[in-house]
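K.L.:
Quick one: the structure is below, questions incoming.
The values are calculated or read from the model by the stated rules, or taken from the named source; none is laboratory data. Computed from a prediction, not measured in an experiment: that's the story for all the values here. Neighbour counts run over all protein chains shown; Cβ positions are idealised from the backbone, glycine included. Remember, those area values only see protein heavy atoms, side chains included, never the ligands or the DNA or RNA. Shrake-Rupley method; radii C 1.70, N 1.55, O 1.52, S 1.80 Å.
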Amino acid sequence: MKLTRWNRFTRITHWLLFIGVTAGFISGLPVLNGEWFRFLYYVLGGEAGREFIHYYFVTVVLGLAIPFVIYRAASARYEEWWWPSWAEIRQAVQISLRWLGLTKKYPAIGFHHPLEKFYLMLSHVGLILLGASGIPMVFLPIDTSLKAVLLLVHDIGFLMLGVPLVGHFMLSINPVNWEALKSMFYDGKVSVEWASKHHPSWAETQLKKTKVLQK
């Protein structure tokens with residue numbers, strides 16, 4: 001039996017964010033360190049190709065994602081809200097204590113892992129800072145002093161998005177999460193067995209709804 005975890009709208013949103021952020025990350029690395037990532041200039045078609053991707057392609061793709069993100073955040077059911085509740089903050093503390101070996105208790109996870117919500121909030125703030133600083137630098141005439149401030153904001157946004165993004169990527173390719181990864185990029189469905197193991201509270205709720213509909 002399969003449970004629908006991600007609807008089509010959510011998957012389209014994730015695809016846009018995935019393409020835009022990946023393109024921005026790769027095309028921005030040569031600027032971060034020209035020596036380490038010089039090879040990317042050849043991959044991206046030189047500085048002209050890198051600038052086109054970083055300035056225009058990324059802006060368009062992430063710009064298309066904005067209304068999707070806003071609608072998804074506004075229409076999400078309570079269990080799918082990105083903002084962590086007090087109960088989830090307590091769960092996050094409990095999970096952290098378990099990682100440190102200070103407790104054996106582990107909460108029943110709902111739709112989102114409590115720590116995942118903090119990642120979502122941090123990464124979206126990082127994206128906002130990147131856009132708010134990057135777009136003026138590319139498309140508006142600004143003086144040197146203002147550009148220095150915008151570059152600082154851009155770097156802060158990059159760190160807020162990039163550092164947790166590395167952790168998100170490592171967790172997503174972990175074999176225990178392959179089913180969720182396939183679900184997000186393909187059909188949006190996960191098995192009851194996977195959901196019951198990794199998101200038991202959410203799985204229980206979904207199964208109850210299914211039984212009610214079948215009556």
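K.L.:
Which of (1) over 30 Å from residue 210 (Cβ atoms); (2) touching a helix residue (DSSP H, G or I) at 6+ places or on another chain (Cβ under 8 Å); (3) not acidic (Asp, Glu) is the odd one out, the single condition residue 14 does not satisfy?
P.N.:
Of (1) over 30 Å from residue 210 (Cβ atoms); (2) touching a helix residue (DSSP H, G or I) at 6+ places or on another chain (Cβ under 8 Å); (3) not acidic (Asp, Glu), only one is false for residue 14: (1).
K.L.:
Tell me the helices (runs of 4 or more DSSP H) entirely within the range 18-126 that contain at least 3 residues that are touching a residue at least 12 places away in the same chain (Cβ under 8 Å), under 17 Å from the mean Cα position of the chain (by Cα) and over 27 Å from residue 206 (Cβ atoms).
P.N.:
Counting at least 3 such residues, we get 58-75.
Yes or no, residue by residue, for (1) more than 27 Å from residue 111 (Cα to Cα); (2) open to solvent by less than 50 Å² (accessible area, probe 1.4 Å); (3) among the polar types (S, T, N, Q):
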{"position": "128", "(1), (2), (3)": "no, no, no"}
{"position": "147", "(1), (2), (3)": "yes, no, no"}
{"position": "151", "(1), (2), (3)": "yes, no, no"}
{"position": "162", "(1), (2), (3)": "no, yes, no"}
{"position": "165", "(1), (2), (3)": "no, yes, no"}
{"position": "170", "(1), (2), (3)": "no, no, no"}
{"position": "200", "(1), (2), (3)": "no, yes, no"}
{"position": "205", "(1), (2), (3)": "no, no, yes"}
{"position": "208", "(1), (2), (3)": "no, no, no"}
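K.L.:
Got a number for residues in the range 193-203 being closer than 25 Å to residue 12 by Cβ and either part of a helix (DSSP H, G or I) or without any contact (Cβ under 8 Å) to a residue 24 or more places away in the chain (or both)?
P.N.:
5
K.L.:
Just to be sure, is residue 90 farther than 27 Å from residue 117 by Cβ and either open to solvent by less than 50 Å² (accessible area, probe 1.4 Å) or basic (Lys, Arg) (or both)?
P.N.:
no
K.L.:
Specify which of the listed residues (34, 46) is on the phi > 0 side of the Ramachandran plot and open to solvent by less than 50 Å² (accessible area, probe 1.4 Å).
P.N.:
Only one candidate qualifies: 46.
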